[in-house]
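Everything on this sheet refers to the single structure shown next.
The values are calculated or read from the model by the stated rules, or taken from the named source; none is laboratory data. Treat the numbers as computed from the prediction; the structure is a model and nothing was measured. Every residue, glycine among them, receives a Cβ derived from its backbone with ideal geometry; neighbour counts consider all protein chains shown. All accessible areas refer to the heavy atoms of the entire protein, side chains included, with ligands and DNA or RNA removed. Shrake-Rupley method; radii C 1.70, N 1.55, O 1.52, S 1.80 Å.
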Amino acid sequence: MNMEENLNRSKYDNYSKEDGRLNIKENINYFTIEKDNKINCPKCESSVSKKDIYCRNCGEILENIKSKREKFINQEGEKTRFKDIASSFDLINGLKASGLAIAILFAFSLIIKFILFGSNNQINELINPLHIMLFSNLASVNIFMSLFVNSAQSSVNFGFLILLILPIVSIILPYRMFIKKRNTSFIAHMKNSLGVAVIYALMLCIISKVSQVEVSLSNGFNQNGYGILFEFSTFNVLFKGFIISFISMLFMGMKKEYEKENMIANLLKMALKTIFIGYILVFIISVVLNFANINYVFDLGLNSYANNISLGVLLSQLAMYLWAFANLVPVSLGSGSLSILSLFNSNISLDLILLLGAMMALSALIFIIVGCKIESKYKSKNIKPVIIFSGCYAVIMAIIGFLTTIYIGNNAASMLSSLSAMQMGFNFMIGFIASFIYSLIMTLIGYKLNIFN
């Protein structure tokens, strides 16, 4: 646009007088036209369908101009404080959704208990469906054990990814019944997701309080036995229950228009899809290599765990740890560890070195492609979209690190011959920092190059 055209252009001119191009682009993403989820016309109260833009009886427009800003703004344009979320949240439907999710989860847990433990009286005395519900939300349990004159205290956390299937599936029906019809905007959906997650987490906390168990069990070798008292960590249950339900609810109701209207919503979903795609690819490679008799599980020192844990569970868990390693995150694996320095360790086999190198190359390629997509979508001169994407990605990876840690303390393991002490997973803070730096660098390379242009 030349100097003369700039001088002749009024600040109120939306379109160029020369060729009709749109002059004012910076504010077009601030507003959208949305239709209220009503079955009656607000003026004459005649019945209207979801597809109607105008009332067929009186001609009243059924759509409204609403703000799309990434701030909490109500229809009057006033800023809403975070404490006002509670007042605008539909408490009744939130309670219904959370209550139904808990009920469905309890039914699943009851079936699993019957299938796994059957009529084993000792296990039935120790483990009930409430415990399975809490374990499925990856809650940590504190164990107090006494044997003769000895006693031990330890913590156990079974952060198996496969357990997340239960709470996620349990939330699907409650969302569709009570929350979906109120999902009218991204901000409204955020509020509803937060509200349901808080109620769901509080319900789990109540369950953790009433699920404390103290029993005396026979050790199976002589007439003597040992006493066990175990209880779930309330704060751990609260935090994990909130995170699992909030993320599940949020992404379950994410609409395409939200991704177009809100950059953070789009980049957040893109970050989650990146992790999911990377994880699935690593899992497929792990399974193929296992069936090809390439024993990388032995090289990683996990053979003893593969004997006690289903191979499918082990591989599904290991795939996430390998993906974290591919993001340069140090990972603990049983009695050993895995980091970038492992590639230079002469004690590991060439097959494992090639596998780890392939994982890193796959990770870099995925981030470069993501960077190209971000540049194609936003075509911004600054790197703000890349920074937001990397921040979202790092937060999700850090949460995964916190949720998927497997830990069995030495004290409890020494008194239960069927278990051995172990720690598997990666640190929350280290996972956040390493994932942010790595994803930022790799994505920025793709963002700058954009090989698809």
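For segment 137-146, indicate whether the set of residues that are at pLDDT 90 or above, buried (at least 17 other Cβ atoms within 10 Å of the Cβ) and part of a helix (DSSP H, G or I) is non-empty.
no
Look at segment 72-109 and say how many of its residues are of a type in the set (A, V, I, L, M, F, W, C), at pLDDT below 90 and open to solvent by 40 Å² or more (accessible area, probe 1.4 Å). Give the steps one after another, and end with the answer.
Applying the first criterion (of a type in the set (A, V, I, L, M, F, W, C)) to segment 72-109 yields 72-73, 82, 85-86, 89, 91-92, 95, 97, 100-108.
Okay, now just the ones that are also at pLDDT below 90, so 72-73, 82, 85-86, 89, 91-92.
Applying the additional criterion that residues be open to solvent by 40 Å² or more (accessible area, probe 1.4 Å) yields 73, 82, 86, 91-92.
Residues in segment 72-109 being of a type in the set (A, V, I, L, M, F, W, C), at pLDDT below 90 and open to solvent by 40 Å² or more (accessible area, probe 1.4 Å): 5 in total.
Confirm whether residue 303 is without any contact (Cβ under 8 Å) to a residue 12 or more places away in the chain, open to solvent by 20 Å² or more (accessible area, probe 1.4 Å) and not hydroxyl-bearing (Ser, Thr, Tyr).
Here the answer is yes, as residue 303 does meet what is asked.
Considering only residues that are of a type in the set (Phe, Trp, Tyr) and either modelled with pLDDT under 90 or surrounded by fewer than 18 Cβ atoms within 10 Å (Cβ to Cβ) (or both), which ones fall in segment 110-135?
114, 117
Would you please name the residue that is modelled with the highest pLDDT, looking only at residues in segment 310-347 that are farther than 30 Å from residue 441 by Cα and surrounded by fewer than 16 Cβ atoms within 10 Å (Cβ to Cβ)? Give the steps one after another, and end with the answer.
Here is the first cut: in segment 310-347, the ones farther than 30 Å from residue 441 by Cα are 310-314, 334-335, 347.
Remaining after also requiring surrounded by fewer than 16 Cβ atoms within 10 Å (Cβ to Cβ): 310-313, 335, 347.
On the way: 310: 75, 311: 77, 312: 81, 313: 84, 335: 70, 347: 74.
Ranking the qualifying residues of segment 310-347, first place goes to 313.
Would you check if there is a residue in segment 333-340 being under 24 Å from residue 392 (Cα atoms) and either under 22 Å from the mean Cα position of the chain (by Cα) or without any contact (Cβ under 8 Å) to a residue 60 or more places away in the chain (or both)?
yes
Yes/no per residue for (1) among the aliphatic types (A, V, I, L, M); (2) assigned to a helix (DSSP H, G or I):
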{"site": "245", "(1), (2)": "no, yes"}
{"site": "265", "(1), (2)": "yes, yes"}
{"site": "273", "(1), (2)": "no, yes"}
{"site": "284", "(1), (2)": "yes, yes"}
{"site": "293", "(1), (2)": "no, no"}
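Looking at (1) among the small types (Gly, Ala, Ser); (2) assigned to a helix (DSSP H, G or I); (3) out of contact with any helix residue (DSSP H, G or I) (no Cβ under 8 Å at 6 or more places or on another chain), which is the only condition residue 363 fails?
(3)
Within the group 269, 260, which residue is of a type in the set (D, E, K, R), under 24 Å from residue 366 (Cβ atoms) and at pLDDT 90 or above?
269
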